[in-house]
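Let me begin by presenting the structure, written as structure tokens, before commenting on it.
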Amino acid sequence: MLEPEYNHTMKTKVLVISKIGSSRYALIKNHLNQLGVTFEVSPAVFLSGECPWTIEYNSIRRKKIFGFDMTKSEVGCFLAHREAWASVVKSNQVTLIIEDDARLMPQLLNVLDELSKTIENTDIILRLFSVHH
């Protein structure tokens with residue numbers, strides 16, 4: 001294990017959507033280890049076969065409303081996030097959910113902890129977005 005380059009004990013629970021053993025998992029693990037951030041893994045979902053991939057997805061309704069179907073990857077991504085959200089509800093703990101291609105800037109860690117303290121014991125959900133540079 002690499003020594004953290006930025007020694008910060010993040011108080012916010014971090015849940016990474018990934019497939020353990022994949023190259024993307026190795027990259028996010030290395031990145032978070034370098035920041036000194038501990039995390040748990042919520043499994044990525046990779047679907048196979050033809051639609052319908054899950055009974056909850058209504059392809060006919062989707063096409064009627066939006067004019068196009070979701071791809072297999074989009075449905076898998078949604079299912080992975082749904083599993084992560086269910087985990088957060090079950091734990092009843094403020095949690096940062098990220099995908100394995102996310103990268104956190106060190107100066108963001110304290111901000112995330114402050115945001116976590118602000119919404120703790122509330123029904124508030126924060127969605128954070130980033131822009132590729």
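Descriptive notes on the structure:
- Identified option (computed mean projected area of the Cα convex hull in nm²; candidates [x] 12.6; [y] 9.7; [z] 10.2): [z]
- Dipole in debye (nearest 20) - the chain, about Cα centre, beta carbon charges: Lys, Arg +1; Asp, Glu -1: 400
- Once the Cα-Cα distance is subtracted from the 0.36 nm per residue extended length, the Asn33 to Asn58 segment shows a gain of 5.0 nm.
- The Asn121 and Glu50 beta-carbon pair, evaluated with R₀ = 41 Å, returns a calculated FRET efficiency of approximately 0.35.
- Estimated vicinal HN-Hα couplings, Hz - region 106-123 in sequence order (Karplus 6.51, -1.76, 1.60; Gly, Pro = x): x, 5, 7, 4, 5, 4, 4, 5, 5, 4, 4, 4, 5, 9, 4, 6, 10, 9
- Accessible-area value, Met105, 1.4 Å probe, nucleic acids and ligands omitted, Å²: 110
- Among Gly36, Gly49, Gly76, residue whose mean-square fluctuation peaks in a GNM of the chain (springs only between Cα atoms under 10 Å): Gly49
- Derived scalar couplings between HN and Hα for region 28-33 equal 5, 4, 4, 4, 5, 4 Hz in order, rounded to whole Hz, by the Karplus curve 6.51 cos²θ - 1.76 cosθ + 1.60 (θ = phi - 60°), x for Gly and Pro.
- Of Lys13, Lys72, Lys29, the one that fluctuates the most in a GNM where the chain has Cα springs shorter than 10 Å: Lys72
- The gain in end-to-end length when the Phe66 to Asp101 segment is fully stretched comes to 9.8 nm, 0.36 nm per residue minus the alpha carbon separation.
- Summary value for the chain: 32 percent relative contact order, contacts being C-alpha pairs under 8 angstrom separated by 6+ residues.
- Violating pairs (Cα-Cα greater than 30 angstrom) within the set Lys64/Lys117; Lys19/Lys90; Lys11/Lys72; Lys11/Lys90; Lys29/Lys63; Lys63/Lys90: Lys64/Lys117; Lys11/Lys72; Lys29/Lys63; Lys63/Lys90
- Long-range HN-HN contacts of Ser18 with modeled amide H, under 5 Å: Ser42, Ala44
The values are calculated or read from the model by the stated rules, or taken from the named source; none is laboratory data. Computed from a prediction, not measured in an experiment: that's the story for all the values here. Here the Cβ is made from the backbone with ideal geometry for all residues, glycine too, and neighbour counts use every protein chain on show. Heads up: the accessible areas ignore ligands, DNA and RNA and are worked out on the full protein's heavy atoms, side chains in. Shrake-Rupley method; radii C 1.70, N 1.55, O 1.52, S 1.80 Å.
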